[in-house]
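Here's the structure, in structure tokens; my notes come after.
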Amino acid sequence: MPRLTTEEFLIFLNRNPNALLAKRHYQPGERLDPGLYWNVTAQKIEAFPEPTTARSVYVKLHDDTEASFADVFRTFALGGGGPSGRALPPDFATARREAAHA
């Protein structure tokens with residue numbers, strides 16, 4: 001059983017509805033390497049420890065079938081720049097100062 005649950009990922013998608021747009025979508029019949037996947041059609045998490053063939057539309061979330069929410073979350077390019085359009089650094093206080101002077 002993967003550590004990331006379907007419920008956790010549904011909440012994530014609810015808050016980030018465009019999160020999957022930048023990820024590759026595997027169509028039915030395509031080969032899936034081992035890993036943790038989001039079944040787009042069934043709206044559920046599926047883990048494949050061995051290579052398999054896609055039965056529906058899938059998005060690969062992580063190579064590790066036991067990946068946690070934090071492991072998967074780090075693979076998404078989320079957030080964005082402030083007024084400058086540049087990605088914000090981890091230190092948000094610095095980011096606010098830079099944005100104010102941009």
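The values are calculated or read from the model by the stated rules, or taken from the named source; none is laboratory data. These figures come from a predicted structure and were not determined experimentally. Methodologically, a virtual Cβ is constructed for each residue, glycine included, from the backbone with ideal geometry; neighbour enumeration extends over all protein chains shown.
Details
- With respect to the conditions (1) under 18 Å from R3 (Cβ atoms); (2) assigned to a loop (DSSP other than H, G, I, E, B); (3) at pLDDT 90 or above, Y37 lacks only one, and its number is (2).
- Unique match (being surrounded by 17 or more Cβ atoms within 10 Å (Cβ to Cβ), in contact with a Phe, Trp or Tyr (Cβ under 7 Å, 6 or more places away or on another chain) and either under 15 Å from A77 (Cα atoms) or basic (K, R) (or both)) among A19, A54: A19
- Just one of the listed residues (A67, A47) is part of a loop (DSSP other than H, G, I, E, B) and not hydroxyl-bearing (S, T, Y), namely A67.
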